[in-house]
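Participant: Submitted below is the structure of interest, expressed as structure tokens.
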Amino acid sequence: MAEGARALPEEVADGFRRVWRDLLPVGRCDATGGYRRHAWTAADAQCRAWFAGQARERGLTYETDRNGNQWAWMGDPAAGDAVVTGSHLDSVPDGGAYDGPLGVAGAFAALDALRARGVRPERPLAVVNFAEEEGARFGLACLGSRLMTGAVGAEAARELRDADGVTLAAAMERAGCDPEAAGRDDERLARIGVFVELHVEQGRRLAATPHPVGVASAIWPHGRWRFDFRGEANHAGTTRLEDRRDPMPAYAAAVLAARAGAERLGALATFGRVRVEPNGTNAIASLVSAWLDCRAPEAALLDRLVEETARAAEGAEVTRESYTAVVDFDVALRDRVARVLGGAPVLPTGAGHDAGILAGVVPAAMLFVRNPTGVSHSPYEHAEEADCLAGVAALAVVLEDLLTTAVGPGAAR
């Protein structure tokens with residue numbers, strides 16, 4: 001149990017186990033054991049139906065906003081100064097069960113804990129499921145929260161395309177959402193007094209401590225860059241090496257440069273996605289498109305790493321597809337949360353989150369649940385049930401504190 005957190009009533013713990021079991025099969029691939037809950041697909045629709053069902057079971061006011069994010073409200077949504085918690089339900093290709101869903105299922109369970117204790121909130125409480133947080137289908141992470149806050153323009157977002165050429169606008173329309181309504185939502189933002197996200201830790205900092213729950217201090221600056229290496233298709237068995245225009249060596253040089261630079265600068269760099277044309281074993285490639293994910297403790301280091309990689313990628317066209325500056329979570333809120341939890345450890349992360357997007361417009365905080373292996377974005381992602389319940393208990397304590405005392409500007413202290 002997290003320091004400062006009260007034990008969950010057994011009926012709440014059992015309720016969490018039940019809703020977790022209900023969600024586990026949705027979008028799971030039998031062949032890999034991973035999840036394929038991509039935005040605006042059939043699996044995503046099942047996840048969204050699950051969320052709506054959880055809202056109905058609890059008698060909460062349910063709604064979908066203009067950007068496709070789902071909300072479940074306890075109290076008057078229009079009252080303002082709301083305490084909001086939640087995360088996302090979509091996944092990376094063959095992702096794990098915990099990244100995102102733990103924060104949504106945990107939010108409903110924390111609400112149950114507050115009700116079981118007879119807590120009388122002084123302001124509304126909302127649980128939210130943000131759309132397309134992973135960016136697995138349309139390439140832009142935290143899309144639902146970016147649209148809501150205006151961090152990405154609606155017109156540009158509607159033209160984003162998946163691997164099959166389907167636009168975001170078309171996908172939303174097929175799912176029953178009006179893409180023309182998407183965009184910055186000042187009315188909804190005005191409702192939010194504070195946002196708190198529970199999430200499995202994506203790393204092993206807590207695993208080396210006795211603490212099941214930690215508090216986020218900051219998110220490293222990070223971004224995604226597309227590298228296009230152009231060459232000329234030709235026969236692998238007849239074209240002399242000196243006659244080839246093969247883009248693969250330049251791609252390979254970029255991969256090695258990114259890794260070496262990351263090691264030297266204390267940063268992270270990953271070429272995790274690549275597309276080759278014509279993609280034949282006995283054919284020289286005509287085009288290699290590869291996506292670089294870079295993260296670093298400081299913006300200057302991130303810029304330097306990308307520049308070094310681009311120089312090594314001789315002749316490549318480099319396009320920045322997304323960029324998020326360093327996010328320092330609200331210090332007063334962070335310290336308050338850590339104090340309420342009895343001095344929980346405070347730690348940074350290299351992973352992006354919806355909380356990081358919202359932090360630009362409202363006070364935001366994150367709680368991390370211990371991950372024994374540090375593995376994430378993988379079928380092997382795991383958190384012990386006891387630690388998940390400790391995370392729910394910690395979230396309930398934090399929510400109770402925020403719901404029953406002042407929250408607005410300057411009040412996070």
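Participant: Taking the Cβ of Leu403 as the centre, find all other residues whose Cβ is under 11 Å away and add up their charges (Lys, Arg: +1; Asp, Glu: -1).
Facilitator: Summing Lys and Arg as +1 and Asp and Glu as -1 gives -2.
Participant: Can you tell me the accessible area per residue over the chain, all protein chains present, probe 1.4 angstrom, in square angstrom?
Facilitator: Solvent-accessible surface per residue comes out at 41 Å².
Participant: Going from most exposed to least, what order do Trp71, Trp40 have by accessible area with a 1.4 Å probe?
Facilitator: From most accessible down to least: Trp40, Trp71.
Participant: List the extent of the Cα atoms of segment 267-325 along each of their three principal axes, largest first, rounded to whole Å.
Facilitator: Between the extreme Cα coordinates on each principal axis of segment 267-325 lie 43, 19, 17 Å.
Participant: Here is a follow-up. Write down the percent of antiparallel bridges among all DSSP beta bridges whose residues are both part of the chain, to the nearest 5.
Facilitator: 70
Participant: Net charge near Val200, counting Lys/Arg +1 and Asp/Glu -1 over other residues with Cβ under 13 Å of its Cβ?
Facilitator: With Lys, Arg at +1 and Asp, Glu at -1, the neighbours total -4.
Participant: For Asp293, what is the net charge nearby, where nearby means another residue's Cβ is under 9 Å from its Cβ and Lys, Arg count +1, Asp, Glu -1?
Facilitator: +3
Participant: Sticking with this structure for a sec: Find, among the GluC sites (Glu not before Pro) in segment 227-293, those assigned to loop by DSSP (not H, G, I, E, B) with at most 15 other beta-carbon atoms within 10 angstrom.
Facilitator: Within segment 227-293, the qualifying GluC sites (Glu not before Pro) (loop, at most 15 other Cβ atoms within 10 Å) are Glu232.
Participant: Of the candidates Gly193, Gly33, Gly356, which one comes out as most mobile in a Gaussian network treatment of the chain with C-alpha springs shorter than 10 Å?
Facilitator: It is Gly33.
Participant: At a 1.4 Å probe radius, which order do Asp22, Asp185 fall into by accessible area, largest first?
Facilitator: Final ranking, largest accessible area leading: Asp22, Asp185.
Participant: A further question on this structure: Does segment 159-237 come out rounded, prolate or oblate, given a ≥ b ≥ c as the square roots of the eigenvalues of its C-alpha gyration tensor, rounded meaning a/c under 1.5 and, failing that, prolate meaning a/b above b/c?
Facilitator: Since a/c reaches 1.5 but b/c is at least a/b, the shape of segment 159-237 is classed as oblate.
Participant: Rank by packing, highest mean first: peptides 92-99, 111-118, 130-137, 171-178, with packing defined as the count of other Cβ atoms within 10 Å averaged across residues.
Facilitator: So the order, starting with the most tightly packed, is 130-137, 92-99, 111-118, 171-178.
Participant: Shape of segment 325-413 from its Cα gyration tensor (a ≥ b ≥ c, root eigenvalues): rounded if a/c is under 1.5, otherwise prolate when a/b > b/c, or oblate?
Facilitator: Oblate shape, in that a/c is at least 1.5 and b/c is the bigger or equal ratio.
Participant: Roll a 1.4 angstrom probe over the protein heavy atoms and tell me the percent of accessible area of the chain that is carbon or sulfur.
Facilitator: The computed percentage sits at 49.
Participant: With equal scatterers on the alpha carbons only and no solvent term, can you work out the Debye log10 of I(q)/I(0) for segment 130-183 at 0.13, 0.17 1/Å?
Facilitator: Listed by q, the Debye log ratios stand at -0.25, -0.43.
The values are calculated or read from the model by the stated rules, or taken from the named source; none is laboratory data. Note that this is a predicted model, so its numbers are computed, not measured. Counting neighbours? That spans all protein chains shown, and the Cβs are built from the backbone with ideal geometry, glycine included. To get the accessible areas, we keep the full protein, side chains included, count just its heavy atoms, and leave off ligands, DNA and RNA. Shrake-Rupley method; radii C 1.70, N 1.55, O 1.52, S 1.80 Å.
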